[in-house]
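Right, one structure below, let's go through it.
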Amino acid sequence: MKNLQTHQNWMDQAISLAQQAGEAGEIPVGAIIVDNQGSMIATGVNRKERDQDPTAHAEIVAIREASRILRDWHLTGCTLYVTLEPCPMCAGGILQARISTLVYGADDSKTGSIRTVANLPDSPVSFHKLEAIAGIRERECQELLQAWFKNLRI
(Lines give C-alpha, C1' and ligand atoms only; values in the text may rest on other atoms or scores of the structure.)
Protein backbone atom coordinates (compact mmCIF):
# COMPACT_ATOMS: atom_id res chain seq x y z
CA MET A 1 0.00 0.00 0.00
CA LYS A 2 1.21 3.46 -0.81
CA ASN A 3 1.82 5.74 2.13
CA LEU A 4 -0.77 8.16 3.46
CA GLN A 5 1.14 11.23 2.24
CA THR A 6 1.10 9.91 -1.32
CA HIS A 7 -2.66 9.33 -1.13
CA GLN A 8 -3.20 12.81 0.29
CA ASN A 9 -1.10 14.43 -2.43
CA TRP A 10 -3.04 12.75 -5.22
CA MET A 11 -6.34 13.51 -3.49
CA ASP A 12 -5.36 17.18 -3.27
CA GLN A 13 -5.02 17.16 -7.06
CA ALA A 14 -8.39 15.41 -7.43
CA ILE A 15 -9.94 18.09 -5.20
CA SER A 16 -8.49 20.78 -7.46
CA LEU A 17 -10.12 19.08 -10.46
CA ALA A 18 -13.39 18.85 -8.54
CA GLN A 19 -13.26 22.59 -7.87
CA GLN A 20 -12.83 23.22 -11.60
CA ALA A 21 -15.85 21.02 -12.34
CA GLY A 22 -17.92 22.94 -9.79
CA GLU A 23 -16.90 26.26 -11.34
CA ALA A 24 -18.08 24.90 -14.71
CA GLY A 25 -21.52 24.13 -13.27
CA GLU A 26 -20.98 20.42 -12.69
CA ILE A 27 -21.28 18.58 -9.39
CA PRO A 28 -17.72 18.96 -8.07
CA VAL A 29 -16.15 15.53 -8.38
CA GLY A 30 -12.63 14.95 -9.64
CA ALA A 31 -10.75 11.76 -10.45
CA ILE A 32 -7.14 10.84 -11.23
CA ILE A 33 -5.70 7.53 -12.38
CA VAL A 34 -2.11 6.77 -11.42
CA ASP A 35 -0.08 3.82 -12.70
CA ASN A 36 1.92 1.44 -10.54
CA GLN A 37 5.05 3.57 -11.12
CA GLY A 38 3.35 6.56 -9.51
CA SER A 39 2.75 8.52 -12.72
CA MET A 40 -0.53 10.19 -13.52
CA ILE A 41 -2.15 8.61 -16.58
CA ALA A 42 -5.53 10.31 -16.78
CA THR A 43 -7.88 12.74 -15.11
CA GLY A 44 -11.61 13.20 -15.15
CA VAL A 45 -14.27 15.55 -13.86
CA ASN A 46 -18.03 15.35 -13.95
CA ARG A 47 -19.19 16.37 -17.43
CA LYS A 48 -22.84 15.30 -17.42
CA GLU A 49 -24.19 18.79 -18.05
CA ARG A 50 -21.54 19.90 -20.54
CA ASP A 51 -21.67 16.68 -22.56
CA GLN A 52 -25.38 15.94 -21.98
CA ASP A 53 -24.21 12.42 -21.14
CA PRO A 54 -25.54 10.61 -18.07
CA THR A 55 -22.45 8.38 -18.03
CA ALA A 56 -19.96 11.28 -17.94
CA HIS A 57 -19.07 10.90 -14.27
CA ALA A 58 -15.51 11.81 -13.27
CA GLU A 59 -14.49 8.18 -12.79
CA ILE A 60 -15.82 7.04 -16.16
CA VAL A 61 -14.22 10.01 -17.94
CA ALA A 62 -10.86 9.14 -16.34
CA ILE A 63 -11.20 5.41 -17.11
CA ARG A 64 -11.97 6.16 -20.76
CA GLU A 65 -8.96 8.47 -21.02
CA ALA A 66 -6.60 6.01 -19.31
CA SER A 67 -7.77 3.15 -21.54
CA ARG A 68 -7.27 5.30 -24.63
CA ILE A 69 -3.79 6.38 -23.54
CA LEU A 70 -2.69 2.88 -22.55
CA ARG A 71 -4.53 1.32 -25.51
CA ASP A 72 -5.88 -1.28 -23.13
CA TRP A 73 -9.04 -1.55 -21.09
CA HIS A 74 -7.20 -3.53 -18.43
CA LEU A 75 -6.04 -0.95 -15.89
CA THR A 76 -4.52 -3.55 -13.58
CA GLY A 77 -1.95 -2.01 -11.25
CA CYS A 78 -3.56 1.42 -11.46
CA THR A 79 -4.96 3.46 -8.60
CA LEU A 80 -8.03 5.63 -9.02
CA TYR A 81 -8.34 8.66 -6.75
CA VAL A 82 -11.79 10.24 -6.61
CA THR A 83 -13.27 12.83 -4.29
CA LEU A 84 -16.64 11.07 -3.79
CA GLU A 85 -17.50 7.42 -3.24
CA PRO A 86 -18.45 5.91 -6.61
CA CYS A 87 -22.06 5.23 -7.59
CA PRO A 88 -23.18 1.80 -8.90
CA MET A 89 -22.31 2.68 -12.51
CA CYS A 90 -18.84 3.92 -11.62
CA ALA A 91 -18.17 1.04 -9.23
CA GLY A 92 -19.06 -1.32 -12.07
CA GLY A 93 -16.74 0.53 -14.45
CA ILE A 94 -13.92 0.40 -11.93
CA LEU A 95 -14.38 -3.36 -11.55
CA GLN A 96 -14.66 -3.88 -15.32
CA ALA A 97 -11.42 -1.92 -15.86
CA ARG A 98 -9.65 -4.15 -13.31
CA ILE A 99 -8.35 -1.12 -11.41
CA SER A 100 -6.30 -2.42 -8.48
CA THR A 101 -6.88 0.28 -5.88
CA LEU A 102 -9.60 2.86 -5.30
CA VAL A 103 -8.93 5.78 -2.98
CA TYR A 104 -11.81 8.12 -2.30
CA GLY A 105 -12.56 11.08 -0.08
CA ALA A 106 -16.17 11.43 1.04
CA ASP A 107 -18.78 8.72 1.51
CA ASP A 108 -21.95 9.12 -0.58
CA SER A 109 -24.98 8.41 1.59
CA LYS A 110 -27.32 8.33 -1.44
CA THR A 111 -25.57 6.20 -4.05
CA GLY A 112 -22.24 5.11 -2.58
CA SER A 113 -21.56 1.63 -3.89
CA ILE A 114 -18.24 0.78 -2.31
CA ARG A 115 -19.32 0.63 1.33
CA THR A 116 -22.01 3.17 2.24
CA VAL A 117 -25.24 2.11 0.50
CA ALA A 118 -23.96 -0.99 -1.30
CA ASN A 119 -20.70 -2.89 -1.40
CA LEU A 120 -20.26 -3.99 -5.00
CA PRO A 121 -16.56 -4.94 -4.73
CA ASP A 122 -17.31 -7.55 -2.07
CA SER A 123 -20.61 -8.75 -3.53
CA PRO A 124 -21.21 -11.90 -5.57
CA VAL A 125 -21.45 -9.77 -8.75
CA SER A 126 -17.78 -8.81 -8.46
CA PHE A 127 -15.23 -10.95 -10.24
CA HIS A 128 -12.30 -8.70 -9.38
CA LYS A 129 -10.64 -7.93 -6.05
CA LEU A 130 -10.50 -4.19 -5.47
CA GLU A 131 -8.57 -2.61 -2.64
CA ALA A 132 -10.66 0.34 -1.42
CA ILE A 133 -9.37 3.07 0.86
CA ALA A 134 -11.89 5.63 2.09
CA GLY A 135 -11.69 8.90 3.96
CA ILE A 136 -8.61 10.49 2.38
CA ARG A 137 -9.13 14.26 2.68
CA GLU A 138 -12.71 13.40 3.62
CA ARG A 139 -13.49 16.72 5.31
CA GLU A 140 -12.21 18.76 2.37
CA CYS A 141 -14.19 16.67 -0.11
CA GLN A 142 -17.39 16.91 1.96
CA GLU A 143 -17.02 20.66 2.43
CA LEU A 144 -16.51 21.20 -1.29
CA LEU A 145 -19.70 19.30 -2.13
CA GLN A 146 -21.73 20.93 0.65
CA ALA A 147 -20.66 24.43 -0.37
CA TRP A 148 -21.49 23.75 -4.02
CA PHE A 149 -24.98 22.44 -3.23
CA LYS A 150 -25.58 25.32 -0.81
CA ASN A 151 -24.69 27.84 -3.55
CA LEU A 152 -26.95 25.99 -5.98
CA ARG A 153 -29.91 26.56 -3.66
CA ILE A 154 -29.27 30.28 -3.20
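The values are calculated or read from the model by the stated rules, or taken from the named source; none is laboratory data. Just so it is clear, the model here is predicted, and its values are computed rather than measured. All Cβ positions, even for glycine, are placed from backbone atoms using ideal geometry, and neighbour counts span all protein chains on display. Note: accessible area is taken over every heavy atom of the protein model, side chains too, but ligands, DNA and RNA are not part of it. Shrake-Rupley method; radii C 1.70, N 1.55, O 1.52, S 1.80 Å.
Bridges between two residues of the chain, per DSSP, are antiparallel at a rate of about 50%. Taking chymotrypsin sites (Phe, Trp or Tyr not before Pro) as exposed when their DSSP state is a loop state and no more than 16 other Cβ atoms lie within 10 Å, the longest site-free interval of the chain runs over 1-72.
Structural descriptor for segment 91-154: relative contact order 38 percent, calculated from alpha carbon pairs under 8 angstrom and at least 6 residues apart. Its relative contact order, with pairs defined as Cα atoms under 8 Å and 6+ residues apart, puts segment 59-110 at 43 percent. Measuring from centroid to centroid over Cα atoms, what is the spacing of segment 130-148 and segment 57-109 in Å? Here the answer is 15 Å between Cα centres.
Dipole orientation for segment 21-146: of the candidates Ala132, Gln146, Val45, Ala132 has the Cα lying most toward the positive pole (charges on Cβ; Lys, Arg +1; Asp, Glu -1). Among the trypsin sites (Lys or Arg not before Pro) found in segment 66-123, those both in a DSSP coil and sparsely packed, with 14 or fewer other Cβ atoms within 10 Å of their Cβ, are Arg71, Lys110. Taking all protein chains into account, the per residue accessible area for segment 1-49 stands at 48 Å² (1.4 Å probe). Relative contact order of segment 1-152, taken over Cα pairs closer than 8 Å and 6 or more residues apart, is 20 percent. For the chain, the mean residue ellipticity at 222 nm estimated from helices alone is -12500 deg cm²/dmol, where every DSSP H run of n ≥ 4 contributes -39500 (n - 2.57) and the total is divided by all residues, rounded to the nearest 500. About the centre of its Cα atoms, segment 55-132 shows a dipole size close to 220 debye [charges on the beta carbon of Lys, Arg (+1) and Asp, Glu (-1) only; nearest 20 debye].
Computed in the context of the full set of protein chains, the accessible area of segment 111-150 at 1.4 Å probe radius has 54% of its extent on carbon or sulfur.
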